[in-house]
Amino acid sequence: MFKKLQGIIFIIFLMAATSPSAPGVSKEYIDSLKVTLRSMNMPPAFLFLPHALSEVRGRTDRAGIWSLTAADAIRGARKLGIKVQVPNDTTMLNSDIRNDAALSTKIALGRLSELFNEYGDWNSAVIAFATSPAAFASMDSAQIADAPILKYLKEDEARYSKKPAKAFDDIERQLEMRQSELEAARHLEAEKNKAR
């Protein structure tokens, strides 16, 4: 599956105008993502999934436009044949593959495909991707039906359908804000440790 995925979305590498440390994306990236979603038989609304994921609060273990966990990013990169060293400090932006828009897109779409194959429907795959398969397994039918990520995705599709680039600009602002919050929290923790 990943070999097929690699071939299908190689165009994203060629068309994405980002650097590993810059989360912003180009019009070409957005256009190629639309083509990729169509070619992989994924819902067109997934164009707005990165924005919906950026609205989920309280997940400090995720980074990049696809809000990948470090474990998913490393596992996905290795499946694509990309050697990844596990950094001692995953906050090092230049070495964190989750901040590479093209690579994180390949990893995220691959992971979503895996989850779709496991659960048999896209809503379940999205919820498991946004939370975790373990968290999804513990949800009852009411929690699944009311999952915030599905609400955010539906709202973002309606809000940004005519201007998808605006959604990605908003993600960049949210990522910068999240990074500032994480740095402030780390600084506060370091000060507390120093005081002890």
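The modelled label-to-label distance for the pair Asn117/Glu191, using points 7 Å beyond Cα in the direction of Cβ, is 4.9 nm.
Counted by Cβ distance under 13 Å from Leu112, the other residues give a net charge of -2, where Lys and Arg count +1 and Asp and Glu count -1. When the P(r) of the stretch 119-164 is calculated, the portion above 14 Å amounts to 51% of the C-alpha pairs. Coupling constants for the stretch 108-118 follow from the phi torsions by the Karplus curve (6.51 cos²θ - 1.76 cosθ + 1.60, θ = phi - 60°), and in residue order they are 5, 5, x, 5, 4, 4, 4, 5, 5, 5, 6 Hz; glycine and proline get x.
The lysines within cross-link reach of Lys154, meaning a Cα-to-Cα straight distance under 26 Å and a gap of 8 or more places when in the same chain, are Lys27, Lys34, Lys106, Lys162, Lys163, Lys166.
The distance between label points at Glu176 and Arg78 comes to 3.5 nm (points 7 Å beyond Cα on the Cα→Cβ vector).
With the charge dipole of the stretch 31-84 set up from +1 on Lys and Arg Cβ and -1 on Asp and Glu Cβ about the Cα centre, the Cα lying farthest toward the positive end among the listed residues Thr60, Val35, Gly76 is that of Gly76. Across the stretch 37-196, Cα pairs under 8 Å and at least six residues apart give a relative contact order of 28 percent. Residue-wise HN-Hα couplings along the stretch 147-162, as the Karplus relation 6.51 cos²θ - 1.76 cosθ + 1.60 with θ = phi - 60° gives them from phi, are 4, x, 4, 5, 5, 4, 4, 5, 5, 5, 4, 5, 6, 10, 4, 8 Hz; Gly and Pro carry x. Roughly how many Å² of Asp72 are accessible to a 1.4 Å probe, to the nearest 10? About 30 Å², ignoring ligands and nucleic acids. For Lys151, a cut-off of 12 angstrom between C-alpha atoms picks up these aspartates and glutamates, skipping any fewer than 8 places away in its own chain: Glu55.
Summarising the label geometry, the points placed 7 Å from Cα in the beta-carbon direction at Glu183 and Ala134 lie 3.1 nm from one another.
The values are calculated or read from the model by the stated rules, or taken from the named source; none is laboratory data. No experiment lies behind these values; they were computed from the predicted model shown. Backbone-built Cβ (ideal geometry, glycine too); neighbour counts: all protein chains shown. Side chains are part of the model used for accessible areas, which takes the heavy atoms of the whole protein and leaves out ligands, DNA and RNA. Shrake-Rupley method; radii C 1.70, N 1.55, O 1.52, S 1.80 Å.
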